[in-house]
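Colleague: Sharing a structure, written as structure tokens. Questions coming.
The values are calculated or read from the model by the stated rules, or taken from the named source; none is laboratory data. None of these values were measured; they are calculated from a predicted model. Cβ atoms come from the backbone with ideal geometry, glycine included; neighbour counts cover every protein chain shown.
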């Protein structure tokens, strides 16, 4: 394992910049695939059920890979794993554009999701290390760059596809840009500060018990984000009478609010402290769901979605920072546990909302998330331990 020398202020600043580069890479990579989904559906003549089954593969790949990522970062260091998984993301994008069958697409998506999952764990572990060395909150800003990357990737693919270029050429162009990020930022990443002790090199290192509780809080917040992604447009269409063409404005409002909150989040966390950020963030997000679902006007629903984005924006970064401060043999394993449980919320949450909505109503199913977010607010003191 690589071992880092003491870092100067300039080295820490360059390491923070490199970390932002990899967060940008993940945001751009994920949104690039999102823009490719309709084209993949048409090219392979998939129906909605086949497409849904195929899309599950990316989540399965991520969740399966994350615990492995904890071991890999623990054993080989964050920098090496970030570079290798970043290269894998770059290689997967062109392959997604040319997958010749549903089986090939599902397999490639599983590999793509696995690469994203490994990179997600490694870059967050690296971010925790950079934040600790710098001595001030940085995690929200890193996650804000990820949100910006999602907007940049979507806009880039819209622009490239608008030129009439083949999908493969568009995906390859994005992959080349992401490859440049990996190549230029690798030297700026910090190496692990110390090799693992011989007694902690086992394949499975048990994370501390508190990691599962923090992961449960992440599960709730990611569930709320997944609800916005998968159900906000349908809610506005079916319950508020907004046309299909305009229904996506709800998720756009949520996304802009979340990106804004995260870009301002480091200052907010430094001023209020992590416990207050989780407590008040949970309360604001809960109020957003109540406002969106309880009042019958489209405008109040959009305001509610903005409140959800602002409230939830900095909870996950604070929880990830808390995972990095846990006692135990491996920061990577703690982060892998928290991250995997969080992603499980994105995977299972929207489906659970669908079942509850079918049994009751969609407003009631979405409004119930407010109660879960109140639970997050109540558990806020855990991040101060």
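Colleague: Taking the conditions exactly as written (modelled with pLDDT under 90 and over 23 Å from the mean Cα position of the chain (by Cα)), does residue 210 satisfy them or not?
Modeller: Considered against the rule, which asks whether it is modelled with pLDDT under 90 and over 23 Å from the mean Cα position of the chain (by Cα), residue 210 comes out as no.
Colleague: Return the only residue of 65, 42, 35 being in contact with a helix residue (DSSP H, G or I) (Cβ under 9 Å, 6 or more places away or on another chain) and more than 16 Å from residue 171 (Cα to Cα).
Modeller: None of the others qualify; the one that does is 65.
Colleague: With respect to residue 233, determine if the residue is crowded, with 19+ Cβ neighbours inside 10 Å, at pLDDT below 90 and farther than 30 Å from residue 70 by Cβ.
Modeller: Yes, satisfied.
Colleague: For residue 51, which of the numbered conditions (1) under 16 Å from residue 175 (Cα atoms); (2) modelled with pLDDT under 90 fails to hold?
Modeller: Single failed check for residue 51: (1).
Colleague: Would you mind stating whether residue 300 is buried (at least 18 other Cβ atoms within 10 Å of the Cβ) and in contact with a helix residue (DSSP H, G or I) (Cβ under 7 Å, 6 or more places away or on another chain)? Step through it out loud before you land on a result.
Modeller: Details: buried (at least 18 other Cβ atoms within 10 Å of the Cβ): no; in contact with a helix residue (DSSP H, G or I) (Cβ under 7 Å, 6 or more places away or on another chain): yes.
When the stated conditions are applied, residue 300 does not pass them.
Colleague: Now for a separate question. I'd like to check something: does region 116-139 contain any residue that is under 17 Å from residue 27 (Cβ atoms), free of Cβ contacts under 8 Å to residues at least 60 places away in the same chain and surrounded by fewer than 23 Cβ atoms within 10 Å (Cβ to Cβ)?
Modeller: There is no residue in region 116-139 that is under 17 Å from residue 27 (Cβ atoms), free of Cβ contacts under 8 Å to residues at least 60 places away in the same chain and surrounded by fewer than 23 Cβ atoms within 10 Å (Cβ to Cβ).
Colleague: Scan region 265-283 and give yes if some residue there is outside the structural domain of residue 142 (by TED's automatic domain parsing), outside any helix (DSSP H, G or I) and buried (at least 19 other Cβ atoms within 10 Å of the Cβ), otherwise no.
Modeller: no
Colleague: Let me ask another. If we scan region 364-375, do we find a residue that is farther than 30 Å from residue 49 by Cα, touching a helix residue (DSSP H, G or I) at 6+ places or on another chain (Cβ under 8 Å) and at pLDDT below 90?
Modeller: Checking region 364-375: not a single residue is farther than 30 Å from residue 49 by Cα, touching a helix residue (DSSP H, G or I) at 6+ places or on another chain (Cβ under 8 Å) and at pLDDT below 90.
Colleague: Right, another one. Out of 203, 160, 179, 151, report the one residue that is more than 27 Å from residue 383 (Cβ to Cβ), assigned to a helix (DSSP H, G or I), at pLDDT below 85 and not assigned by TED's automatic domain parsing to the domain that holds residue 315.
Modeller: Working: 203 fails: assigned to a helix (DSSP H, G or I); 160 fails: at pLDDT below 85; 179 fails: at pLDDT below 85.
That would be 151, the only listed residue that is more than 27 Å from residue 383 (Cβ to Cβ), assigned to a helix (DSSP H, G or I), at pLDDT below 85 and not assigned by TED's automatic domain parsing to the domain that holds residue 315.
Colleague: For region 103-110, indicate whether the set of residues that are within 24 Å of residue 255 (Cα to Cα), buried (at least 19 other Cβ atoms within 10 Å of the Cβ) and at pLDDT 95 or above is non-empty.
Modeller: No, because not a single residue in region 103-110 is within 24 Å of residue 255 (Cα to Cα), buried (at least 19 other Cβ atoms within 10 Å of the Cβ) and at pLDDT 95 or above.
Colleague: Let me ask something additional. From 86, 70, which residue is at pLDDT below 90 and surrounded by 20 or more Cβ atoms within 10 Å (Cβ to Cβ)?
Modeller: Matching residue, one of 86, 70: 70.
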